[in-house]
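The values are calculated or read from the model by the stated rules, or taken from the named source; none is laboratory data. Small disclaimer: the values here were computed from a predicted structure and weren't measured. Heads up, the Cβs are rebuilt from the backbone with ideal geometry, glycines too, and the neighbour counts pull from every protein chain shown.
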Amino acid sequence: MSGYDVMALGELLIDFTENGKSAQGNPLFEANPGGAPCNVLAMLARLGKKTAFIGKVGRDFFGDQLKEALEEVGIDASALRMDEQVHTTLALVHTYPDGDRDFSFYRNPGADMMLTEAEIPEEQIAASRILHFGTLSMTHEGVRAATQKALAAAKKNGVLISFDPNLRPPLWPSLEAAKQQVLCGMGYCDVLKISDNEITWLTGTQDYDEGVAWIRSRYPDITLILVSLGKEGSRAYYGKETVEVPAFVRQDTVETTGAGDTFCGCVLNYILEHGLQKLSRENLTEMLRFANAAASLITTRKGALRVMPTRQEVEALL
C-alpha cells in the first residue's frame, strides 16, 4: 500500500455563502463545499501532492455533493464515511463589507461529529508523511476519541503532525472547554498554524512574540509555529529564527473563506519538499511568500475547496 503525502481528519460540510438577493429581496445562498481540513488538502492536491480525507458526512444530497467535490479536486475519499442517521453538517456564512465573516452552524448533531474510533484507518495514517487536524473534531466525546486515536497512530509511526485550532466559538459549550482541547492538540503537533486572534485569546497577550514564547514554554516539541496575521501577512517561528512576510493585499477581495487553509496547505507542501529540519531564514521567507500569495488569490474567489490557485498562478503573482 503506497502512503499518502498528507491525510487530514475533521469536518467536511456545506458552507452556505451569501450570493446576492432574489427579486423579492431575500438573501440568496450558494452551497459551497467547505471544512478547513479539506481546504488544506485541496491546496496540496492542486500542488500535485497525494492526499486523503478522514471524516463523515450524511448519506444525503449534501453528503453526495461533498464526496463528489473531494474526488473532483483529487482528494482520496476512501476514508470518508457516510452516516445513515445524521445529516451532513451545514454552516451559514455571513460576509461583512470588509470580507470578514460570521458563522451559524446546523450541527446538533451533524454527521462530522459522529466519526468513531473504529472508523479511523490506522494503517493508512501510519503510511502517510503528515497528518493534519483541527479542533472541530474535538468538540464532542466520540469524535474526540477518534481524533486522539488518529494522533496516537501518527505519533507511534513517526508521522509529522500539523495542527490548526480553527476556533469556532459557537460550537463549544464554553471557551474554557475549547481552550482545553486546543492545548491538548498542541501536545501532539510538530507544526502549529494559529491566527492572530486565536493566539491572543489563548495566551492573553497582544504581543505575538510573547504569545509564541508562552506556547513554547509549555510545548517545546513544536518545531514550527506559524502565526497568520490577516492583512498584515504572516510570521514563522523556527528555532531562534522569527521571519515576518507582508501580505499581498488586494483590491478585488470578495471574502476571506479558506485563506488560512490555503496558507496552511502551502506551508505543508513546502515541508514535504524541503523537510522540517535545518530550514534557513531564506527557506522560511520563501515558504511564507508563496503561502501568503496563494492565500491572497483565494480571497478573490467565492468558496475555497474547488477554486484553489495553481502553482503557476501563485508564481505569476510573485
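Quickly run through segment 295-308 and pick out the residues that are outside any helix (DSSP H, G or I) and touching a residue at least 40 places away in the same chain (Cβ under 8 Å).
Of everything in segment 295-308, those that are outside any helix (DSSP H, G or I) and touching a residue at least 40 places away in the same chain (Cβ under 8 Å) turn out to be 299, 300, 301, 302, 303, 304, 305, 306, 308.
Scanning segment 222-231 for residues that are small (Gly, Ala, Ser) and modelled with pLDDT under 95 yields one hit, 230.
Screening segment 232-253 for residues that are part of a loop (DSSP other than H, G, I, E, B) and either surrounded by 15 or more Cβ atoms within 10 Å (Cβ to Cβ) or modelled with pLDDT of 95 or more (or both) and picking the one that is farthest from the chain's Cα centre (by Cα) gives 240.
Can you pull out the residues in segment 16-39 that are over 15 Å from residue 304 (Cβ atoms) and either among the acidic types (Asp, Glu) or within 21 Å of the chain's Cα centre (by Cα) (or both)? Full working, then the answer.
Step one: filter segment 16-39 for residues over 15 Å from residue 304 (Cβ atoms), giving 18, 20-29.
18 - this is the single residue of segment 16-39 that is over 15 Å from residue 304 (Cβ atoms) and either among the acidic types (Asp, Glu) or within 21 Å of the chain's Cα centre (by Cα) (or both).
With 32, 19 as the choices, which residue is under 15 Å from residue 261 (Cβ atoms) and touching a strand residue (DSSP E or B) at 6+ places or on another chain (Cβ under 7 Å)? Break it down into steps so the answer makes sense when it comes.
Working: 19 fails: under 15 Å from residue 261 (Cβ atoms).
Answer to the selection: 32.
Just checking, which of 147, 135, 139 is touching a residue at least 24 places away in the same chain (Cβ under 8 Å), among the hydroxyl-bearing types (Ser, Thr, Tyr), touching a Phe, Trp or Tyr at 6+ places or on another chain (Cβ under 7 Å) and closer than 18 Å to residue 41 by Cβ? Walk me through it before giving the result.
Values: 135 fails: touching a Phe, Trp or Tyr at 6+ places or on another chain (Cβ under 7 Å); 139 fails: closer than 18 Å to residue 41 by Cβ.
Within the list 147, 135, 139, the selection yields 147.
Take the residues in segment 150-196 that are assigned to a helix (DSSP H, G or I) and among the acidic types (Asp, Glu), then tell me which one is farthest from residue 104 (Cα to Cα). Walk me through it before giving the result.
Narrowing segment 150-196 to residues assigned to a helix (DSSP H, G or I): 150-156, 169-171, 175-186, 196.
Retained after the next criterion (residues that are among the acidic types (Asp, Glu)): 176, 196.
Details: 176: 20, 196: 22 Å.
In this case the residue turns out to be 196.
For segment 96-120, the set of residues classified as in a loop (DSSP other than H, G, I, E, B) and either over 20 Å from the mean Cα position of the chain (by Cα) or of a type in the set (Ser, Thr, Tyr) (or both) consists of 96, 97, 98, 108, 109, 116, listed by residue number.
Restricting attention to segment 1-19, report how many residues are more than 14 Å from residue 303 (Cα to Cα), of a type outside the set (Ser, Thr, Tyr) and at pLDDT 95 or above. Let's see the steps before the verdict.
Keep residues of segment 1-19 that are more than 14 Å from residue 303 (Cα to Cα), which gives 1-11.
Pick out the ones that are also of a type outside the set (Ser, Thr, Tyr) and you get 1, 3, 5-11.
Subsequent filtering for residues that are at pLDDT 95 or above retains 5-11.
Looking only at that region, the number is 7.
On the basis of being surrounded by fewer than 20 Cβ atoms within 10 Å (Cβ to Cβ), farther than 22 Å from residue 296 by Cβ and modelled with pLDDT under 95, does residue 22 make the cut? In short, no. Of these, 63, 58, which one is surrounded by 20 or more Cβ atoms within 10 Å (Cβ to Cβ), within 26 Å of residue 128 (Cα to Cα) and in contact with a Ser or Thr (Cβ under 6 Å, 6 or more places away or on another chain)? Exactly one of 63, 58 is surrounded by 20 or more Cβ atoms within 10 Å (Cβ to Cβ), within 26 Å of residue 128 (Cα to Cα) and in contact with a Ser or Thr (Cβ under 6 Å, 6 or more places away or on another chain), namely 63. Apart from one condition, residue 292 fits all of (1) touching a residue at least 40 places away in the same chain (Cβ under 8 Å); (2) not in a helix (DSSP H, G or I); the exception is (2). When 52, 23 are checked against the criterion of being not in a strand (DSSP E or B) and not charged (D, E, K, R), 23 stands alone in meeting it. For segment 61-83, the criterion of being assigned to a loop (DSSP other than H, G, I, E, B) and of a type outside the set (Gly, Ala, Ser) is met by none of the residues.
Taken together, the residues in segment 121-135 that are part of a helix (DSSP H, G or I) and either more than 18 Å from residue 51 (Cβ to Cβ) or charged (D, E, K, R) (or both) amount to 2.
Residues that are in contact with a Gly (Cβ under 9 Å, 6 or more places away or on another chain) and under 20 Å from residue 287 (Cβ atoms) within segment 191-223 comprise 192, 193, 194, 195, 196, 199, 223, listed in sequence order. Quick one: what pairs do we get from segment 166-188, first residue more than 20 Å from residue 230 (Cβ to Cβ) and hydroxyl-bearing (Ser, Thr, Tyr), second modelled with pLDDT of 95 or more and crowded, with 16+ Cβ neighbours inside 10 Å, C-beta under 6 Å, 6+ apart or different chains? Cβ pairs passing all conditions: 188/151; 188/161.
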